[in-house]
Amino acid sequence: MAIETTKWDGSEGLDTPEAIAAYLEAAFEDGDPKVITHALGNVARAKGISQIARDAGVTRAGLYKALSAEGDPRLTTLLGVFRSLGLTISVHAA
């Protein structure tokens, strides 16, 4: 008998600023740019990618591309997404 599974959507549960901040903080702690990009994509989908794109000053298609598995968002896009989400980036000594 086969085990039945359902596809997990990483954007589920990202419904509060605190949940989003904790999720992105964990991605940044990992340090892998692909993990960070994937996490940002999940957050953008959870919050509405069209609105995030408008707020960040990029097209919807451009944001999808930047946050795709092969994406490498520009710093301006990254900062725009964070600004749209009402988040800031902090730097601490390692």
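The values are calculated or read from the model by the stated rules, or taken from the named source; none is laboratory data. None of these values were measured; they are calculated from a predicted model. FYI the Cβ positions are ideal-geometry reconstructions off the backbone, even for glycines, and counts take in every protein chain you see.
Of the residues that sit in the stretch 1-35 and are farther than 18 Å from Ala46 by Cα and either touching an Asp or Glu at 6+ places or on another chain (Cβ under 6 Å) or of a type in the set (Asp, Glu) (or both), which one is modelled with the lowest pLDDT? Applying the filter and picking the extreme gives Glu4. Look at (1) surrounded by 14 or more Cβ atoms within 10 Å (Cβ to Cβ); (2) modelled with pLDDT under 90; (3) among the acidic types (Asp, Glu) and you find that Asp55 fails only one, number (2).
Applying the criterion of at least 3 residues that are of a type in the set (D, E, K, R) and out of contact with any strand residue (DSSP E or B) (no Cβ under 9 Å at 6 or more places or on another chain) to the helices (runs of 4 or more DSSP H) found wholly in the stretch 35-85 leaves an empty list. Residues in the stretch 60-94 that are among the β-branched types (Val, Ile, Thr) and either surrounded by fewer than 13 Cβ atoms within 10 Å (Cβ to Cβ) or out of contact with any helix residue (DSSP H, G or I) (no Cβ under 7 Å at 6 or more places or on another chain) (or both): Thr76, Thr88, Ile89, Val91.
Which residue is surrounded by the fewest Cβ atoms within 10 Å (Cβ to Cβ), if the candidates are limited to the stretch 4-24 and must be in contact (Cβ under 8 Å) with a residue 12 or more places away in the chain and not in a loop (DSSP other than H, G, I, E, B)? Selected residue: Pro17.
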